[in-house]
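*Asks:* Handing you a structure now.
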Amino acid sequence: MEANQGHVVAQGLVRRFGSIEAVAGIDLEVAPGEIFGFLGPNGAGKSTTIRMLTTLLKPTAGRAWVAGHDVVEDPDAVRRSIGVALQDAAIDPLMTGRELLRLQAILHGLPRSTSADRSQFLLEMVGLTAAADRRVGTYSGGMRRRLDLALSLIHEPAVLFLDEPTTGLDPNSRFALWDEIRKLNREGGTTVFLTTQYMEEADELAGRVAIIDEGRIVAEGTPDKLKARVGVPTLQVTIGHGQDAIGAESILMRFGEPAPASPGAIAVRLEGGASGMAAVVRALDEGKVQVEGLELHMPTLDDVFQEATGRRLEGAEPTTEPQPQETTPR
Amino acid sequence: MSVAVAQYAALSRRSLLTTVRQPRAIIPPILFPLMFMALSSAAFDRTTQLPGFPQSESFLQFLICATIVQGALFASIASGSDMAHDIEEGFFDRLVASPVSRTSILVGRVFGSFVFGFFQAWFYFAVGLLFGLTVEGGLIGMFGVSLVAAMFAAGVASIASAFAIRTGSSEAVLGAFPLLFSLMFISGNFFPRSLMEGWFKTAATINPLTHMVEGMRAQVITGLDLGEWMSAFVIAAGFFVVGITLATMALKRRLAVAA
């Protein structure tokens, strides 16, 4: 394998749709063999970025190279090196799984003799042999995603792009897909670039994570490093209605810095770690504050997101990301 | 077989498969012209005895080519709408993200319609023959008519694809349908020009579809006529050239946002 075969680089990548800047200058570098997670809420610019890296969309500014090829100058070379599974599993419901694999093989110029074996191998890999000759319209959501994964692997790509591979899947199907992706990366050394809006997914799968919001990368690093940056656990206290919120807050602030909290609650970063919780409860009791709820949060990627953006990732208000396929190209 | 040919063939095959596997989509465009043919041959059979009606044995013999063209029109518009569906559903992205040649995306679809149009014509002939149709041009005549129908189907499919690629909406493609449909009716396809009068006759005479169907009809009513066949084929090919040009422009435009 060439040195730069699994490499993904973007420099100052920008994409505007009219006056909307969907991607506002992204720099990133993914090393060969890495699983790179691109985490952000709906409309953050994840899909637009992945569409530019997979040659489906021209950048307004900036440059990007995938597997050593410029995405604008040499799109066909990029297309030969990548596997792509886009968000709404673009699978023809009228064809069977095997037919789609054979078609995909032909699209990638695989010889007929190889394509039959390769299709069978992939069907076995994703556990779809029994359903191979059924029309895709009869597949469950998880089966479709697994087929989509198999389709993107037909030509043994050096880099695999997965756009929200598990959105809408039940937990079991999600875990099964995670296993496939891990195995693929471990055994084949395939570089994986995946976008997700689930922090858990980024945390579990990705060796390195970039958090994107409003078209910009706001944090980047290994999940552990990112979480360590947010540091200590957070204690969130919900006080009873009509209680002295200011008084309660002043008690809590003796134990650490304030942290953003849900409405009607107060949160504090426990400088002394989780073991400091008992002291907080005692102090609140002495201060005659009626406590309705107590929640201890260990730092998560969601906290990293909140630290960087002031908003929470899960349940964040989706802003509308322009979908290029629905707009008339100008 | 070279890679490019394999790709064209695979995409044509897929286009045909997805047509054939949608009974809801395939039966109406086949059956509607057939019903129309059955009803009007029964109702208008005696009009063939009107003075000025072209020499034909039956109204069915007069009508068969119009039915074939109508069927091709319906099926090819449905195929264009499938193309729009591919764009809506993301299958188009799958094609574009692969190193497949950009033109094969279009050619696959259009060639699928060509093949479908060809066999659809034979199907209408077969039904017609069951009901006593005689084709003066014989097998060669039927082959010639089917070839024109296939070319016309490819033409309509490329016009519908141009719409599909431009708008990315299957509704928009189906919305353009009445336009082509009225072109079909303001013509000499369902009634002879010799019995028309006034503006309608003028419009029908201007309409290229009139001349295409008349060229096809000659093979059925009078026997093999290369000159008539040529004029029909050239008109069908004209539709194709216009359609494929528009569709290629639309595809370039859509891909311009891609790398």
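*Asks:* Given (1) more than 8 Å from chain B (Cβ to nearest Cβ); (2) over 24 Å from the mean Cα position of the chain (by Cα); (3) surrounded by fewer than 24 Cβ atoms within 10 Å (Cβ to Cβ), where does A:Arg63 come up short, assuming only one miss?
*Replies:* Failing condition for A:Arg63: (2).
*Asks:* Would a scan of the range A:203-212 turn up a residue that is under 25 Å from A:His108 (Cβ atoms), under 16 Å from the mean Cα position of the chain (by Cα) and buried (at least 22 other Cβ atoms within 10 Å of the Cβ)?
*Replies:* There is no residue in the range A:203-212 that is under 25 Å from A:His108 (Cβ atoms), under 16 Å from the mean Cα position of the chain (by Cα) and buried (at least 22 other Cβ atoms within 10 Å of the Cβ).
*Asks:* Look at the range B:197-224 and say how many of its residues are closer than 17 Å to B:Ala150 by Cβ and without any contact (Cβ under 8 Å) to a residue 24 or more places away in the chain.
*Replies:* Residues that pass the stated criteria total 0.
*Asks:* How many residues does the range B:186-220 contain that are surrounded by 20 or more Cβ atoms within 10 Å (Cβ to Cβ) and of a type in the set (A, V, I, L, M)?
*Replies:* Total satisfying the criteria: 7.
*Asks:* Taking the range A:101-130 as the search range and keeping residues that are over 18 Å from A:Ala85 (Cα atoms) and hydrophobic (A, V, I, L, M, F, W, C), which one is nearest to the chain's Cα centre (by Cα)?
*Replies:* Applying the filter and picking the extreme gives A:Phe121.
*Asks:* Hey, another quick one. Got a sec? Which strands (runs of 3 or more DSSP E) wholly within the range A:8-125 have at least 3 residues that are farther than 30 Å from B:Thr18 by Cβ?
*Replies:* In the range A:8-125, the matching strands (runs of 3 or more DSSP E) lie at A:8-17, A:20-30, A:35-39, A:61-66.
*Asks:* Just to be sure, is A:Val136 at pLDDT below 90 and farther than 29 Å from A:Lys225 by Cβ?
*Replies:* In short, no.
*Asks:* Being within 9 Å of chain B (Cβ to nearest Cβ) and not aliphatic (A, V, I, L, M) is the filter here; which residues of the range A:51-60 pass it?
*Replies:* Listed by number, the residues that qualify are A:Arg51, A:Thr54, A:Thr55, A:Lys58, A:Pro59.
*Asks:* Also: What pairs come out if I take residues in the range A:134-146 that are touching a residue at least 24 places away in the same chain (Cβ under 8 Å) and within 13 Å of chain B (Cβ to nearest Cβ) and pair them with residues that are assigned to a strand (DSSP E or B) and surrounded by 14 or more Cβ atoms within 10 Å (Cβ to Cβ) whose C-beta lies under 7 Å away, six or more apart or interchain?
*Replies:* Listed pairs, sorted by first residue: A:Arg134/A:Thr96; A:Arg135/A:Thr96; A:Val136/A:Thr96.
*Asks:* Regarding B:Pro29, is this residue farther than 30 Å from A:Arg80 by Cα, of a type outside the set (Val, Ile, Thr) and touching a helix residue (DSSP H, G or I) at 6+ places or on another chain (Cβ under 9 Å)?
*Replies:* Against the criterion (farther than 30 Å from A:Arg80 by Cα, of a type outside the set (Val, Ile, Thr) and touching a helix residue (DSSP H, G or I) at 6+ places or on another chain (Cβ under 9 Å)), B:Pro29 qualifies.
*Asks:* Can you list the helices (runs of 4 or more DSSP H) found entirely within the range A:209-312 that contain at least 1 residues being closer than 30 Å to A:Ile26 by Cβ?
*Replies:* A:223-230, A:301-309
*Asks:* For A:Arg229, indicate whether it is of a type outside the set (S, T, N, Q), under 35 Å from the mean Cα position of the chain (by Cα) and crowded, with 17+ Cβ neighbours inside 10 Å.
*Replies:* no
*Asks:* Another question about this same structure. Is it the case that the range A:113-131 has a residue that's among the aliphatic types (A, V, I, L, M), closer than 30 Å to A:His69 by Cα and within 12 Å of another protein chain (Cβ to nearest Cβ)?
*Replies:* no
*Asks:* Tally time: how many residues in the range A:191-208 are assigned to a loop (DSSP other than H, G, I, E, B) and either outside the structural domain of A:Gln87 (by TED's automatic domain parsing) or aliphatic (A, V, I, L, M) (or both)?
*Replies:* Residues flagged as assigned to a loop (DSSP other than H, G, I, E, B) and either outside the structural domain of A:Gln87 (by TED's automatic domain parsing) or aliphatic (A, V, I, L, M) (or both) within the range A:191-208 amount to 1.
A quick yes/no check of all residues on (1) on the phi > 0 side of the Ramachandran plot; (2) more than 8 Å from chain B (Cβ to nearest Cβ); (3) surrounded by fewer than 18 Cβ atoms within 10 Å (Cβ to Cβ); (4) of a type in the set (Lys, Arg):
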{"residue": "A:Phe36", "(1), (2), (3), (4)": "no, yes, no, no"}
{"residue": "A:Pro41", "(1), (2), (3), (4)": "no, yes, no, no"}
{"residue": "A:Gly45", "(1), (2), (3), (4)": "yes, yes, no, no"}
{"residue": "A:Thr49", "(1), (2), (3), (4)": "no, yes, no, no"}
{"residue": "A:Glu73", "(1), (2), (3), (4)": "no, yes, yes, no"}
{"residue": "A:Val84", "(1), (2), (3), (4)": "no, no, no, no"}
{"residue": "A:Thr96", "(1), (2), (3), (4)": "no, yes, no, no"}
{"residue": "A:Ala105", "(1), (2), (3), (4)": "no, yes, no, no"}
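*Asks:* Return yes or no: is A:Val126 assigned by TED's automatic domain parsing to the domain that holds A:Leu53 and at pLDDT below 90?
*Replies:* Taking the combined requirement at face value, the residue satisfies it.
*Asks:* Do we find that A:Thr166 is free of Cβ contacts under 8 Å to residues at least 40 places away in the same chain and either crowded, with 22+ Cβ neighbours inside 10 Å or part of a strand (DSSP E or B) (or both) in this structure?
*Replies:* Yes: the conditions hold for A:Thr166.
*Asks:* Please pick out the residue among A:Gly273, A:Gly293, A:Gly231 that is over 30 Å from A:Lys46 (Cα atoms) and either at pLDDT below 80 or polar (S, T, N, Q) (or both).
*Replies:* A:Gly273
A quick yes/no check of all residues on (1) within 14 Å of chain A (Cβ to nearest Cβ); (2) surrounded by fewer than 18 Cβ atoms within 10 Å (Cβ to Cβ):
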site	(1), (2)
B:Leu16	yes, no
B:Ile27	no, yes
B:Met35	no, yes
B:Leu39	no, yes
B:Leu50	no, yes
B:Phe59	no, no
B:Thr67	no, no
B:Ile77	no, no
B:His85	yes, no
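The values are calculated or read from the model by the stated rules, or taken from the named source; none is laboratory data. Quick caveat, the model's predicted, so the values are computed rather than measured. Counting neighbours? That spans all protein chains shown, and the Cβs are built from the backbone with ideal geometry, glycine included.
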